[in-house]
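Read-outs: derived from the displayed coordinates by stated rules, not from any lab. Since we're looking at a predicted model, the values are computed, not measured.
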Amino acid sequence: MTRLPRSGFLSLIAAPLLGAVKAPQGDDADPAFWSASPALRVLLGRGEAAPLSAELFSFNGRPFRGKFSRLADGQVVNLVDLEAYLYSVVAAEMPAHWPAQALQAQSICARTYVLQRSDPRREYDLIPSQLDQVYNGVAGETASTTDAVRTTAATVLKYGNNFARIAYSSCCGGHTEGSADAWGGPSLPYLAGVPCTWCDASPNFRWTRVFALGELGAQLSDGMPPGTQVQDLRVAQRDASGRARQVELVTTEGSAFVAASALRRAVGFRELPSLLILQFQRDPNADRIGAQGGGLGHGVGLCQWGARGLALQGRTAVEILGLYFPATSVAHLDR
Ligand SMILES: [Zn+2]
């Protein structure tokens with residue numbers, strides 16, 4: 001493992017993240033703060049912001065750590081220490097009562113995600129939603145998740161000399177997904193997908209959804225002759241993890257093929273919890289079809305329910321990360 005300079009933690013964050021921060025607008029302009037404090041920039045959006053203390057401010061009535069500034073368009077940006085940001089994120093991204101080693105694995109993932117993603121060319125580093133990581137400020141923090149962040153302080157996942165590209169989702173259904181299959185781009189050796197036998201306690205490990213064929217036809221009728229009716233569905237092609245890649249629509253006008261991702265988009269992400277569609281089953285007595293599948297979410301990277309299962313078996317956070325991100329290593333930023 002490459003050893004980082006002694007001051008690596010602060011300089012790593014300060015240099016790329018603070019380097020491009022724009023001059024603050026309004027009353028909170030404090031040159032000393034801007035030059036001295038390493039801070040993430042989390043875009044909170046439009047609303048009322050006011051200082052509460054030296055360490056806290058309120059945004060739309062909710063307390064947040066750090067300081068705030070406004071972009072030229074008036075949106076509020078929270079400038080917050082990476083570790084303090086993680087207190088809220090880990091509590092939002094994983095149930096606080098889960099085992100400590102799972103919470104610690106989640107903490108290392110969330111920290112690495114930030115460092116790998118942050119782009120100094122943007123006006124902010126992260127948004128506080130699932131598009132990056134969920135962040136609710138102080139009100140979302142819990143003792144167990146804050147403890148997991150502190151226990152793993154400055155600990156990250158690396159691939160070679162770089163921060164690993166991090167993804168995580170609720171339940172993989174038995175095999176994690178390859179990042180290239182999910183999102184395209186180069187195949188990363190540590191995100192190629194691995195078998196997972198530890199997430200079967202999830203309520204979404206297996207699921208069934210029922211769809212009215214008439215509605216499906218309306219949702220998928222683009223490019224089909226008017227009046228075409230969908231009669232049945234089949235998984236036509238799967239990727240290496242078993243997830244559906246292409247779906248055959250059996251219609252009154254013959255077969256049509258759609259990307260499984262387009263099917264999920266059309267019916268809704270909540271209605272089809274993942275692309276691990278094990279089979280479709282046409283109801284012989286009604287104009288509807290069942291989809292049986294497994295998992296919740298994209299399935300790439302850490303399987304959170306799997307991490308929980310492994311932690312309950314006594315595995316450590318480092319062991320958990322080694323299983324889901326093979327060929328990576330855990331590193332400490334300031335050693
Ligand atoms: Zn799993």
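Numerical summary
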quantity: Relative contact order (percent, whole number), the chain, Cα cutoff 8 Å, 6+ residue spacing; calculated: 20
quantity: Global geometry of the stretch 167-224, whether rounded, prolate or oblate, following the gyration tensor of its Cα atoms and the 1.5 cut on a/c; calculated: oblate
quantity: Value at 222 nm in deg cm²/dmol, rounded to 500, when DSSP H runs of n ≥ 4 in the chain each add -39,500 (n - 2.57); calculated: -7500 deg cm²/dmol
quantity: Most fluctuating residue given options Ser170, Ser221, Ser144, as computed from a GNM of the chain linking Cα atoms under 10 Å; calculated: Ser221
quantity: Normalised convex hull volume, the chain, alpha-carbon set, Å³ per residue; calculated: 159
quantity: Shape of the stretch 102-164, Cα gyration tensor, a/c cut at 1.5; calculated: oblate
quantity: Cα gyration tensor shape for the stretch 189-271, rounded if a/c is under 1.5, else prolate or oblate; calculated: prolate
